[in-house]
Amino acid sequence: VLAATALGTLVSLLTALVLARKSYRLGIDRSAVRAIAHKNVPMIAMIIGLTILHDADVFLLSRVSNPDEVGLYRLATRMTSFISYAVSAFLIAWSPLEASSLFRATYEQLGRARVRANFVSYYVIVGTLLVVGMSVTAVPVIAVLAPHYGASVGFVPLTSVAYLAYGFLVVLARSSEFPHRYVVYGSATCGGAAVMIVMCLLLGGPLGGYGVALGDLVGALFGTAV
């Protein structure tokens with residue numbers, strides 16, 4: 001399965017490069033490299049923390065539990081990753097929408113703080129509905145598509161909430177204004193990642209996937225609290 005996925009991706013990449021070969025020219029722009037590095041160094045800690053919070057749970061579970069538990073947990077997280085994609089779509093659309101004339105007029109009329117507070121409210125409401133929807137539909141979906149993995153249904157509600165908490169951390173940070181932004185944001189995410197790692201290693205053994213999902217949730221909430 002892994003080889004087939006890699007091969008399919010490689011074929012797609014090569015096809016795209018051949019079709020678009022006249023659109024690119026190899027080269028190095030040293031001034032662009034310096035500018036990119038200068039602007040992104042403050043974000044390194046934030047990206048490391050967010051990456052661990054988002055992606056380390058399966059690896060941590062594999063360190064403290066058996067492969068069967070990892071497989072069941074992985075299926076649940078693949079299902080609930082729909083919430084993660086929804087969060088990503090929301091955040092990706094945010095910046096272009098803010099640059100539009102409609103948003104600028106709304107900010108001028110209502111104030112940036114009020115509009116962004118509404119963003120947070122809408123995120124919580126829609127995210128909660130998605131969690132409920134995922135929890136309800138998990139049983140029939142897994143029963144049809146992967147009946148031998150029925151035990152993974154139990155992980156769906158908690159992993160859904162963990163994804164929602166991760167997204168809430170990002171949305172809250174994007175909605176807020178505070179001094180030394182990237183220092184605080186990086187400290188919050190790295191602190192949350194550290195808490196997640198400790199919680200997952202402590203709870204993953206006795207509780208399996210439930211312990212890792214709980215550790216993921218607590219880590220995101222810790223970053224949100226900061």
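Determine, yes or no, whether Thr106 is crowded, with 16+ Cβ neighbours inside 10 Å, in a helix (DSSP H, G or I) and not aliphatic (A, V, I, L, M). Walk me through it before giving the result.
Numbers: crowded, with 16+ Cβ neighbours inside 10 Å: yes; in a helix (DSSP H, G or I): yes; not aliphatic (A, V, I, L, M): yes.
It is true that Thr106 is crowded, with 16+ Cβ neighbours inside 10 Å, in a helix (DSSP H, G or I) and not aliphatic (A, V, I, L, M).
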message: Pull out all pairs, ordered by first then second residue, where Cβ-Cβ is under 6 Å, the residues are six or more apart or on different chains, the first lies in region 63-74 and is modelled with pLDDT of 85 or more, and the second is outside any loop (DSSP other than H, G, I, E, B) and of a type in the set (Val, Ile, Thr).
response: Arg74/Val58
Exclusive hit being open to solvent by 60 Å² or more (accessible area, probe 1.4 Å), β-branched (Val, Ile, Thr) and closer than 27 Å to Ala151 by Cα, set Val1, Val18, Val64: Val1
query: For region 75-87, which residues satisfy the criterion of being touching a residue at least 24 places away in the same chain (Cβ under 8 Å) and open to solvent by 30 Å² or more (accessible area, probe 1.4 Å)?
result: Leu75, Met79, Phe82, Ala86
- prompt: Is there a residue being touching a Phe, Trp or Tyr at 6+ places or on another chain (Cβ under 7 Å), touching a residue at least 12 places away in the same chain (Cβ under 8 Å) and not β-branched (Val, Ile, Thr) anywhere in region 100-116?
  reply: no
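The values are calculated or read from the model by the stated rules, or taken from the named source; none is laboratory data. Source: prediction; values computed, not measured. Here Cβ is always computed from backbone atoms with ideal geometry, including for glycine, and neighbour counts include all displayed protein chains. The accessibility values were calculated without ligands, DNA or RNA, using every heavy atom of the protein model including side chains. Shrake-Rupley method; radii C 1.70, N 1.55, O 1.52, S 1.80 Å.
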